[in-house]
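Working notes for the structure below.
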Amino acid sequence: MMRYSVRRFTFIAPLVVAISFLTISLRPAMPGGKSSANSPAPVAQFCNSGSITINALAAASPYPSTLAVSGMTGTITAVTVTLNNFNHTFPDDVDILLVAPGGQNAIIMSDVGGGVAATNVTLTLDDAAGSSLPNETALTSGTFKPTNFEGVEGFPAPAPAPSGGSALSA
């Protein structure tokens with residue numbers, strides 16, 4: 001599991017997307033090192049205050065989108081990412097890389113939703129979700145596993161080279 005104090009998560013989306021705001025939720029371990037979605041461990045949420053615009057054939061604005069994470073110590077046992085009001089005419093073009101403070105990274109969404117336009121869709125990405133995002137069918141609001149259908153993608157600088165995984169626990 002990841003360990004943090006005051007650090008920054010970097011959200012990297014290289015193509016056109018409009019997201020009203022991004023929320024990252026972190027659940028610290030309770031005494032004894034255990035935590036689960038049903039545990040009383042508090043959940044800390046960190047949100048960016050503005051939208052992220054995904055531009056045609058260019059990096060998103062802002063790129064990267066960085067969230068300052070503070071007040072978290074010890075082991076983080078769960079991470080979820082919520083994309084609020086996701087809009088894109090061709091979601092299959094959108095690739096999102098989440099970079100943790102230590103450089104660990106995961107392609108949390110890539111090549112999903114096919115060519116079916118997404119309008120005001122809220123997606124929560126959670127390793128514990130019951131299903132993955134769809135490959136070729138329309139995206140609908142809900143909670144899904146981080147999903148990458150076409151392997152490792154390239155991201156423009158300052159993104160690190162993707163590790164190839166999609167799990168938020170990377």
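Would you pick out the residues in the range 56-73 that are open to solvent by 40 Å² or more (accessible area, probe 1.4 Å) and over 20 Å from G154 (Cα atoms)?
Our first condition is that a residue be open to solvent by 40 Å² or more (accessible area, probe 1.4 Å); within the range 56-73, this holds for 56-58, 61-63, 66, 68, 70-71, 73.
Selection gives A68, S70, G71, T73.
List the number of the failed condition for G130; all other conditions in (1) within 21 Å of T77 (Cα to Cα); (2) within 14 Å of the chain's Cα centre (by Cα) hold.
So G130 meets the others, but not (2).
Condition first: more than 17 Å from T80 (Cβ to Cβ) and open to solvent by 40 Å² or more (accessible area, probe 1.4 Å). Now tell me which residues in the range 128-152 satisfy that.
Passing the criteria: N135, E136, T137, A138, T140, F149, E150, V152.
From the set of residues in the range 81-103 that are open to solvent by 30 Å² or more (accessible area, probe 1.4 Å) and farther than 18 Å from P134 by Cα, which is modelled with the highest pLDDT?
That would be G103.
If you take the residues of the range 40-52 that are open to solvent by 60 Å² or more (accessible area, probe 1.4 Å) and modelled with pLDDT of 75 or more, which of them is farthest from L123 (Cα to Cα)?
So, considering only residues that are open to solvent by 60 Å² or more (accessible area, probe 1.4 Å) and modelled with pLDDT of 75 or more, the one farthest from L123 (Cα to Cα) is V43.
If a residue counts only when it is acidic (D, E) and out of contact with any strand residue (DSSP E or B) (no Cβ under 7 Å at 6 or more places or on another chain), which strands (runs of 3 or more DSSP E) contained entirely in the range 37-100 have at least 1 such residues?
Those strands (runs of 3 or more DSSP E) do not exist here; none qualify.
The values are calculated or read from the model by the stated rules, or taken from the named source; none is laboratory data. Please read all numbers here as calculations on a predicted model, not as lab measurements. Because the Cβ atoms are built from the backbone with ideal geometry, glycine has one as well, and the counts that use them run over all protein chains shown. The protein model used for the area step is the full one, side chains on, heavy atoms only, and it has no ligands, DNA or RNA in it. Shrake-Rupley method; radii C 1.70, N 1.55, O 1.52, S 1.80 Å.
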